[in-house]
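Everything on this sheet refers to the single structure shown next.
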Ligand code: FEO
């Protein structure tokens, strides 16, 4: 039996990960409208990864005999104007998700729920990667984004990103 607080936070995390997918789909669409296929591709793949995260949390709840309650996914309402805006927003959003994972980890440890702690270890590492990847994009945009030819090359680089299923299997 999962601790009630841990279970509540895990269930909320299903929703938060689906929101992340929704938010990144909004960012992907922003770039699609501007003809930047590589940036579109990067965020479209990010959307797929966030959906995977949501499904992993759901599967973990199911594996522990807990009911899953699907909550409402809010509309992404971030105003995007400049080409770099989604990148800065993604950095902020990943830091927020890290804080959610840390909060969950803290609750699981307090409840001496070491199975959930172990499950969350993968997400702690994943968040480190997600924060780095989004920050790297901001850095590249700052270096190359203001010149059309280098922006074109950066867009081509991002076009090469391919989706890979998560290494965590439940
Ligand atoms: Fe599921 Fe980007 O954190």
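Remarks
- Qualifying residue in region 99-111 (condition: within 23 Å of residue 29 (Cβ to Cβ), more than 15 Å from the ligand (Cβ to nearest atom) and not in a helix (DSSP H, G or I)): no
- Within region 36-52, none of the residues are within 16 Å of the ligand (Cβ to nearest atom), over 30 Å from residue 152 (Cβ atoms), crowded, with 20+ Cβ neighbours inside 10 Å and at pLDDT 95 or above.
- Hey, residue 65 more than 29 Å from residue 34 (Cα to Cα) and modelled with pLDDT of 95 or more or not: yes
- Which listed residue is modelled with pLDDT of 95 or more and near the ligand (Cβ under 10 Å from one of its atoms), from 28, 21: 21
- Residue check, residue 95 closer than 30 Å to residue 145 by Cβ, within 11 Å of the ligand (Cβ to nearest atom), in contact (Cβ under 8 Å) with a residue 24 or more places away in the chain and surrounded by fewer than 17 Cβ atoms within 10 Å (Cβ to Cβ): yes
- Of all the residues in region 118-147, those that are more than 16 Å from the ligand (Cβ to nearest atom) and within 14 Å of residue 168 (Cβ to Cβ) number 1.
- Qualifying residue in region 66-74 (condition: within 15 Å of the ligand (Cβ to nearest atom) and more than 17 Å from residue 134 (Cα to Cα)): yes
- Every condition in (1) in contact (Cβ under 8 Å) with a residue 40 or more places away in the chain; (2) over 30 Å from residue 59 (Cα atoms); (3) more than 17 Å from the chain's Cα centre (by Cα) is met by residue 143 except one, and the failing one is (1).
- Residue tally, condition within 16 Å of the ligand (Cβ to nearest atom) and surrounded by fewer than 17 Cβ atoms within 10 Å (Cβ to Cβ), over region 53-65: 2
The values are calculated or read from the model by the stated rules, or taken from the named source; none is laboratory data. For clarity, every value in this text was computed on a predicted model and none was experimentally measured. Glycine also receives a Cβ, built like all others from the backbone with ideal geometry; neighbour counts cover every protein chain displayed.
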